[in-house]
1. Kindly indicate whether any position in region 113-131 is buried (at least 19 other Cβ atoms within 10 Å of the Cβ), in a helix (DSSP H, G or I) and touching a His at 6+ places or on another chain (Cβ under 6 Å).
2. Need at least 3 residues that are buried (at least 16 other Cβ atoms within 10 Å of the Cβ) per element, so show me which helices (runs of 4 or more DSSP H) inside region 202-296 make the cut, counting only ones lying wholly within it.
3. So in region 273-296, with the set limited to residues that are among the aliphatic types (A, V, I, L, M) and touching a helix residue (DSSP H, G or I) at 6+ places or on another chain (Cβ under 6 Å), which one is nearest to Thr12 (Cα to Cα)?
4. Among (1) among the β-branched types (Val, Ile, Thr); (2) in contact with a Lys or Arg (Cβ under 9 Å, 6 or more places away or on another chain); (3) at pLDDT 95 or above; (4) under 23 Å from Gly120 (Cβ atoms), which single condition is Thr32 missing?
5. Does Ala79 satisfy the condition of being crowded, with 16+ Cβ neighbours inside 10 Å and among the small types (Gly, Ala, Ser)?
6. As an exercise: evaluate Leu179 against (1) outside any loop (DSSP other than H, G, I, E, B); (2) within 25 Å of Cys130 (Cα to Cα); (3) free of Cβ contacts under 8 Å to residues at least 60 places away in the same chain and give the number of the one condition it does not meet.
7. Among the candidates Ala60, Ala34, Ala47, single out the residue that is aliphatic (A, V, I, L, M) and free of Cβ contacts under 8 Å to residues at least 40 places away in the same chain.
8. Any residue in region 96-120 that is within 13 Å of Phe141 (Cα to Cα) sitting within a Cβ distance under 8 Å of a residue that is of a type in the set (Lys, Arg) and not in a helix (DSSP H, G or I)? List the pairs, counting only those 6 or more apart or interchain.
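The values are calculated or read from the model by the stated rules, or taken from the named source; none is laboratory data. All figures in this text were calculated on a predicted structure; none of them were measured in a lab. All Cβ positions, glycine included, derive from the backbone under ideal geometry; neighbour counts span all protein chains shown.
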Amino acid sequence: MCKYLSFDIGGTAIKYAVLDDDNVIESGSTDTQAHLGGERVVANVKALIEKYKEEYSLNAVAISTAGMVDCKKGEVFFAGETMPGYSGTKWKSIVEKEYGLYCEVENDVNCAALAEFVSGSGKDSKKMLCLTIGTGIGGSFVSEGKVYHGANYSSCEVGYMRIDDSGKNFQEICSTKTLCKTVADKKNESVNKWNGYKIFEYYKLGDRECIEAVEELCKNLSIGIANICYVLDPDTVVLGGGIMEQKDILKGLILKFLSKYLKPVMYDKLNVKFAAHGNKAGLLGAYYIVKRLQFG
């Protein structure tokens, strides 16, 4: 039975799991230490490969990672400021040359989307848009089981879209960070006093400023979703990220605004769902990619 070591590399944590035939044998998480540079990130991953390679007689390594990824070459060609020196990391070459293990690498949002498409909220869809909303906004489009990458492996970088005249991009307007700042500004308080969980607790208690801020976020988010739908025409939109755990509140608001910004012929046929796999999505998606490409 083949065994796989799957990674989900983010700016804060490296999640990992050993799997065989869709079963998680062992899993864990460790600090990325991204502020120490790309070399430290690589060293932390290599230490885990070395730990599990012999113990489980691994057959392959699957890597989901933050940053823009050339999945053909298996390398990160661009990473943001939160991971200095990470751009140019050649994961596939490192793993296959140093450890003799088959390896595939993909962007983390694409991995999360594929996990939702294969076994999550999008499993009954044909053309699925997945958005992850957190400190930023990531996007991925899966059509007939394949991630659409675009000409330069940069498709669905929707966080950089402009949706109004403020000069800010989509993720600067609709992120959890922005939600907290909006509430703090409305209350004339320090942003450090607020987080997403607290805002929704106050929302449920009827706090006016929190209600206004959440509705404003849902309005702007819906404008962005509508714009993407006009281009891609998905049958399903899956929404993930920490803030989307508040689906009991958010779904009704998002649908209300989407019905305003999408033409009825599209809105009436669109399924809006919330991600099922949570923080395991990246690990599962990377695993699905390796299993599919290695064994067909």
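1. Taking region 113-131 first, the residues buried (at least 19 other Cβ atoms within 10 Å of the Cβ) are 113-118, 120-122, 125, 128-131.
With the extra rule that they be in a helix (DSSP H, G or I), the set shrinks to 113-118.
Keeping just the survivors that are touching a His at 6+ places or on another chain (Cβ under 6 Å) gives 115.
Yes, that holds for at least one residue.
2. Because the criterion is at least 3 residues that are buried (at least 16 other Cβ atoms within 10 Å of the Cβ), the helices (runs of 4 or more DSSP H) in region 202-296 that meet it are 208-232, 247-261, 281-295.
3. Checking each candidate, the answer is Ala281.
4. (4)
5. So Ala79 fits the description; yes.
6. Here Leu179 clears every test but (3).
7. On the way: Ala60 fails: free of Cβ contacts under 8 Å to residues at least 40 places away in the same chain; Ala34 fails: free of Cβ contacts under 8 Å to residues at least 40 places away in the same chain.
Within the list Ala60, Ala34, Ala47, the selection yields Ala47.
8. Pairs found: Glu116/Lys123; Phe117/Lys123.
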